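S.K.: Here you go, one structure.
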Amino acid sequence: MESIIERITRGHFWTFHGGVHPPEQKKLTSATPIKQLSLPKQLILPLQQHIGREGKLLVEVGDKVLKGQALTSSENPMAVPIHASTSGIVSAIKNSIIAHPSGLQSLCIFIDVDGKDTWIEREPCTDIDNLSQLDLIKKIADAGIAGMGGAGFPTHIKVNNNEPVNFLIINGAECEPYITADDLLMQEQSEKIVSGIKLLEKLLTPSFILIAIEDNKPNAIKALQDATSTFDRIKVCVVPTKYPTGGEKQLIKILTGQEIKSGSLPIHAGIVMQNIATCFAIYDAVFNDTPLLKRVVTVTGQALTEPQNVWALLGTPVNFLLNACGAQRQQLTDQQNHQAVIMGGPMMGYSLSTDIVPIIKTSNCILVPSKEEMPSAFSDKSNEVECIRCGQCSDVCPSQLLPQELQWSAKAKDYPQLEKLNLSDCIDCGACAYVCPSQIPLVQYYRIAKAEIRTLHQFEVKADKAKVRFEARKLRLEKEKLAREEKHKKAAAARKAAMNKNTPEATGAKSAVAAALARVKAKKAKDKLTDSVAETQPETTKELKAKTPLSNQETPISDEKDQVKAAIARAKAKRLAKTQASQSSDKVIATDLEELPSINEQAQATIETSSDKPQNDKKAKIAAAIAKAKAKKLSQAPHQKSNENQQETKTSPKDDKKAKIALAIAKAKAKKQQQEQLSTLIKPENEST
Amino acid sequence: MNILLAIAVLGSIAALFGALLGFASIRFKVDADPIVEQLDALLPQTQCGQCGYPGCKPYAQAVADGEAINKCAPGGEDTIKKIADLMGVEVLPLDDNHETDNRPKVAFIIEEDCIGCTKCIQACPVDAILGAAKQMHTIIIDECTGCDLCVAPCPVDCIEMRVLPETIQNWQWDLTNIPVKQLD
C-alpha cells in the first residue's frame, strides 16, 4: 500500500498492455472556453438515458413543467429519474429516434421551451457537515446522476457500498482523441469538482483519492493541483498519454498495478472510480439542489467553423448544437450525399442516422469530420481485406485478448469459442481496428457477436423457464387427473355405502333398483320372444310364452305377427333414411360453406346494429361470436386437409367444387379420427404423418 | 511350462479386469439416458409440438431413438447443426413441412373478440395465458414461447402470432442496415 503511494508521489506508474497513440486533435477545442448557448426551441428527453431501467412517468401531455422538475420517478434502485432541463410545456410523449447506433426509437418526452427558464423551488444546502450518508445518497439519486464517462451506471448505487475502499480514483484521463469536455470542465470548475470529490470521500471513506489526468492537459493539471494543494489525501496523478488510459481497468492498472480479474468489479479490490463530470454533477446536486440538467459536450471536427465545448441542456437536439458551432449547411450537403455525424469520439463513437437525436447524460462529444479528415466515415462500402495475420492487433489490445482469433470466431459465429476467448472483456476501445493494416472493422464484428451472445443467453434463460413451466404444468395435470379419479372412486363408494345401509331410503332405493332390474329382465325376455317369432313356429312361441310370466296370454298370435312386421318395416325405413341422409349430409355442409360469407355478413350486421342499441349489445356480441365460431368451423374443415388432398383435387374436375369440398370434409374427419387414435398412443407413427 | 504360466497370469489379469468392469457397470450405472437430457438441452423448449411430439423432451427421446433430426422448426438450422454434432450424423435441411420463418413471436389475444372459452388456456403448454371462464383472457408476454398451439383451438380466431418488436434491448448490430440520412 505504502509503496503504491510512494510510487505515485515519485510520479512512477505502471503501464497496461498495448494501447495506441492516435492523433490527438484536441487543439481544435481545448483553447476555447465552454460556451453558454441560448435555449433551443424544443427539448427531447428520452426516458432512459443510462444503464438500468426507465422510471415511471410523472407528467402528461399539456403539463407545464419547470426547470429541474422531475419527469419520471424511480422506485426501482436501478432506475434514475430524468428532469426537465428548462421550463416549458410537455407537447408530446412519444417514440423518437435516440442516440443509439441502431437508430431505433424509444419513448421520449418532448418539451416546448417557453424561454423563461423558470426554476422549480430549490433548497440550496448550507450545512453539508450535518448531512448523513443516507441524505447524501438520496440527494444524488434524486438528482438523476448516472456515470457521465460513457457507460451511465447509476451513481447512487456505485457510491452506496459497505466494502472498505482503498482508492477512490477520479478519472480525468479523457484519452479519446478530439474530446476535451472534461479538460475544459477541470480548467473552469476545479474548485467545484474538488468539493464534489470531498462529498464522495465522505460517502466512501477511501484511504487515498487519486485524480488521474493525462499529461496532454497541462492547464487542467495545474488547476486541479491548485485546488487540491491543501488536501493531503488527494493526489493529482499525471499519467502518460496513451489510448485507452481512461478505461476503468486500464487506469487501475496504471495507478495501482492491480489487475481486475475478468468478471469481477473494481470494488472487490477496494477501488471505486468516478468521472470528473460526475463529481461536478454531485457537487451541483448536493450544494445547489440542482439535478443533472446539462453537461459539457465537445462539438468538434474540421467540417465545423467554430469547434468548441458547449454547455448543452440534456435533450438538446444535435442539430441545434451543430448550428451553434458553425456547421455550414451548404458545404455539408455539397460534399456528398451525406455528412457524417459521429456521436462519441472517433475510436468508440457511432454514426448517427439523423441529427435530431437528443443529447443525453452520457453523450460527451459530437464529431463532424471533413472528408479529408476521416474518409472512412463517408464511404458506404468498407475497404476491408483479408487478415494477413500480422498480429499487431494483439500487440495493442489493452485487455490482452487475441483480436485476430476473436475476429475469425465472430465471423464464423462460433459463440462458445468467443466466450472461451473472453470476448466479454473486450472494452470496444477500437485500438485493434485502428492498427489493422487490412482495415478490418474488428470492433464491429465483436459488437455484433456480443449482442448475439446476449440474445442467446436471454433465449437460454427463457427456454429454461419454459421447461420448468411445462414440467410443472404436466405434473399439475397429472395430479388433477389422479385427484379426479380418487374423487370418482370415493363418490362411487359413498353411493354403495348409502345403498347398503338399512335406512328406509336405502331400502326404497334398493327396491327401486330391484324393480328396474325386473323390468329389464322382462323386456329382454320379450325381445327374445319376438325374435323367435320371426324364425320359429307358433308352437315354440307358445311354449316360450308359457314360460314367460309377463307375456300376455290373451294376445292373439296374429297380433304378435303384425307387431313384428311393423318393427321390420320401421327398421327398413330407418335404414333407408340413414343412407339418404348420409348422401345428402355432404351436400348440406357444402351449402353451409356457401352460406359462410352470408353468415359473416350477418355477424357484421349484428355488430353494426349493436352499436346503435346498447341494451342489445351483449346479445349481439354473443351472436357475432357464435357466427364467427360457425364460420371458422366451416372454413377450417376443408382448409386443414387441403395439403394432403391436393393430388386428388387435381384429378377431379374443376366445376365439381361441391364434391371436392365434401371429399375434403370427409378426409378431414377421417384424419381427425386418426389423429385422435394416434394421440392416445404415446408414440405416434411417423409413416402416417 | 512357461506357456502355461503365461496363460495363467494373463487369464487371471483378464478375470480381474472383467470383475472390475462388471462391478463398475453395476456400481456406476446411469439410470436415465444422458443423451436425451443433452438433446433436450439443445431444443428451444417452446413445447410447440410442431415436430409431431407432445413437447421438447419427447422429441429428444425420439431423436435418441433414431428419429429425424430436422423436425424442430423453432430451433431452425442452428439446432439441427447442434443435434447433428451431438449425434454424429449429417446435417439435414429443415423439414419442408415446417415454416422457415422462425423469428421470435408471441401470441396476442385481440381482447374485444375474446369470448372467455378457456380453450387456449387448456392448449398452452407453459401456462402463459391468464383468464377464467367467460372472462377475457390475456397472454403473459414474458412467458409465451410463441409455440402457436393456442391459435387453432380459438373458436373466434381472436389469437394471432406477432413478431416481437425490435427494441434497443434486443437490437442486433448489423452494419449494412444503419440508415444514413441526408442532412439538410
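S.K.: From the list A:Ile359, A:Ile366, which residue is within 14 Å of another protein chain (Cβ to nearest Cβ), buried (at least 24 other Cβ atoms within 10 Å of the Cβ) and at pLDDT 80 or above?
M.R.: Just a single option satisfies the conditions, and that option is A:Ile366.
S.K.: For region A:346-399, what are the residues that are under 20 Å from A:Gly301 (Cα atoms) and not in a loop (DSSP other than H, G, I, E, B)?
M.R.: A:Tyr350, A:Ser351, A:Pro358, A:Cys365, A:Ile366, A:Leu367, A:Pro375, A:Ser376, A:Ala377
S.K.: Residues that are at pLDDT below 90 and acidic (Asp, Glu): which strands (runs of 3 or more DSSP E) entirely in region A:153-268 hold 2 or more of them?
M.R.: Numbers: elements: A:167-172, A:208-214, A:234-239.
Filter on region A:153-268 gives an empty set.
S.K.: Follow-up. Does region A:36-45 contain at least one residue that is at pLDDT below 90 and of a type in the set (Lys, Arg)?
M.R.: For region A:36-45, residues at pLDDT below 90 and of a type in the set (Lys, Arg): absent.
S.K.: Are any residues in region A:238-263 over 16 Å from A:Pro164 (Cβ atoms), free of Cβ contacts under 8 Å to residues at least 60 places away in the same chain and not charged (D, E, K, R), and if so, which ones?
M.R.: Within region A:238-263, just A:Ile260 meets the criteria.
S.K.: Is it the case that region A:131-149 has a residue that's away from every other protein chain (no Cβ under 14 Å), over 23 Å from A:Asp182 (Cα atoms), among the hydroxyl-bearing types (Ser, Thr, Tyr) and out of contact with any Gly (no Cβ under 8 Å at 6 or more places or on another chain)?
M.R.: yes
S.K.: Which residue is nearest to B:Gln122 (Cα to Cα), if the candidates are limited to region B:45-56 and must be without any contact (Cβ under 8 Å) to a residue 60 or more places away in the chain and either more than 8 Å from chain A (Cβ to nearest Cβ) or part of a loop (DSSP other than H, G, I, E, B) (or both)? Can you show your working first?
M.R.: So in region B:45-56, the residues without any contact (Cβ under 8 Å) to a residue 60 or more places away in the chain come out as B:51-54, B:56.
If we keep only those that are either more than 8 Å from chain A (Cβ to nearest Cβ) or part of a loop (DSSP other than H, G, I, E, B) (or both) too, we end up with B:51-54.
Numbers: B:Cys51: 20, B:Gly52: 18, B:Tyr53: 17, B:Pro54: 14 Å.
Here the answer is B:Pro54.
S.K.: Which one of these is in contact with a Lys or Arg (Cβ under 7 Å, 6 or more places away or on another chain) and either assigned by TED's automatic domain parsing to the domain that holds A:Cys432 or crowded, with 19+ Cβ neighbours inside 10 Å (or both): A:Ala99, A:Ala79?
M.R.: Working: A:Ala99 fails: in contact with a Lys or Arg (Cβ under 7 Å, 6 or more places away or on another chain).
Among A:Ala99, A:Ala79, only A:Ala79 is in contact with a Lys or Arg (Cβ under 7 Å, 6 or more places away or on another chain) and either assigned by TED's automatic domain parsing to the domain that holds A:Cys432 or crowded, with 19+ Cβ neighbours inside 10 Å (or both).
S.K.: Considering only residues of region A:338-352 that are out of contact with any strand residue (DSSP E or B) (no Cβ under 7 Å at 6 or more places or on another chain) and surrounded by fewer than 22 Cβ atoms within 10 Å (Cβ to Cβ), which is farthest from the other protein chains (Cβ to nearest Cβ)? Spell out how you get there, then give the answer.
M.R.: We begin by selecting, within region A:338-352, every residue out of contact with any strand residue (DSSP E or B) (no Cβ under 7 Å at 6 or more places or on another chain); these are A:338-339, A:348.
Filter again for surrounded by fewer than 22 Cβ atoms within 10 Å (Cβ to Cβ), leaving A:338, A:348.
On the way: A:His338: 5, A:Met348: 14 Å.
It comes out as A:Met348.
S.K.: Next question, about the same structure. Evaluate the following for A:Leu292: is it at pLDDT 85 or above and either within 14 Å of chain B (Cβ to nearest Cβ) or assigned to a loop (DSSP other than H, G, I, E, B) (or both)?
M.R.: Here the answer is yes, as A:Leu292 does meet what is asked.
S.K.: Any chance you could count how many residues in region A:102-116 are within 14 Å of chain B (Cβ to nearest Cβ), surrounded by fewer than 20 Cβ atoms within 10 Å (Cβ to Cβ) and either among the basic types (Lys, Arg) or in contact (Cβ under 8 Å) with a residue 40 or more places away in the chain (or both)?
M.R.: Number satisfying all stated conditions: 2.
S.K.: Further question: Look through region A:342-395, keep the residues that are touching a helix residue (DSSP H, G or I) at 6+ places or on another chain (Cβ under 9 Å) and among the β-branched types (Val, Ile, Thr), and return whichever of them is farthest from A:Ser96 (Cα to Cα).
M.R.: So, considering only residues that are touching a helix residue (DSSP H, G or I) at 6+ places or on another chain (Cβ under 9 Å) and among the β-branched types (Val, Ile, Thr), the one farthest from A:Ser96 (Cα to Cα) is A:Val368.
S.K.: Just need a number here: residues in region A:423-458 that are facing chain B (nearest Cβ under 7 Å) and either under 24 Å from A:Val396 (Cβ atoms) or not hydroxyl-bearing (Ser, Thr, Tyr) (or both). So that I can check it myself, show each step before the final result.
M.R.: Going residue by residue through region A:423-458, those that are facing chain B (nearest Cβ under 7 Å) are A:444, A:447-448, A:451-452, A:455.
Okay, now just the ones that are also either under 24 Å from A:Val396 (Cβ atoms) or not hydroxyl-bearing (Ser, Thr, Tyr) (or both), so A:444, A:447-448, A:451-452.
Going through region A:423-458 one residue at a time, the tally reaches 5.
S.K.: Still on this model: Need pairs with beta-carbon distance below 6 Å; first residue under 19 Å from A:Glu460 (Cβ atoms) and within 11 Å of another protein chain (Cβ to nearest Cβ) and within region B:61-90, second hydroxyl-bearing (Ser, Thr, Tyr) and assigned to a loop (DSSP other than H, G, I, E, B); sequence gap 6+ or separate chains.
M.R.: B:Pro74/B:Thr46
S.K.: A:Val20 is checked against (1) touching an Asp or Glu at 6+ places or on another chain (Cβ under 8 Å); (2) away from every other protein chain (no Cβ under 14 Å) and fails just one. What number does that condition carry?
M.R.: Only one criterion is unmet by A:Val20, namely (1).
S.K.: Next question. From the residues in region B:24-37 that are away from chain A (no Cβ under 14 Å) and part of a helix (DSSP H, G or I), which one is modelled with the highest pLDDT? Spell out the reasoning first.
M.R.: Filtering region B:24-37 for residues away from chain A (no Cβ under 14 Å) gives B:24-35.
Remaining after also requiring part of a helix (DSSP H, G or I): B:24-27, B:34-35.
Working: B:Ala24: 92, B:Ser25: 89, B:Ile26: 88, B:Arg27: 87, B:Pro34: 80, B:Ile35: 85.
Only one residue tops the list, namely B:Ala24.
S.K.: Read through the list (1) surrounded by fewer than 19 Cβ atoms within 10 Å (Cβ to Cβ); (2) touching a Ser or Thr at 6+ places or on another chain (Cβ under 6 Å); (3) assigned by TED's automatic domain parsing to the domain that holds A:Ser190, then give the number of the only condition that A:Lys26 fails.
M.R.: (1)
S.K.: Scanning region B:124-139 for residues that are within 20 Å of the chain's Cα centre (by Cα) and in contact (Cβ under 8 Å) with a residue 24 or more places away in the chain, which turns out farthest from the other protein chains (Cβ to nearest Cβ)? Break it down stepwise before answering.
M.R.: Of the residues in region B:124-139, the ones within 20 Å of the chain's Cα centre (by Cα) are B:124-128.
The next check asks that each one be in contact (Cβ under 8 Å) with a residue 24 or more places away in the chain; those that pass are B:124-126.
Details: B:Cys124: 8, B:Pro125: 5, B:Val126: 4 Å.
Per the stated criteria, the residue is B:Cys124.
The values are calculated or read from the model by the stated rules, or taken from the named source; none is laboratory data. Bear in mind that the values here come from a model prediction, so they are computed numbers and not experimental data. Counting neighbours? That spans all protein chains shown, and the Cβs are built from the backbone with ideal geometry, glycine included.
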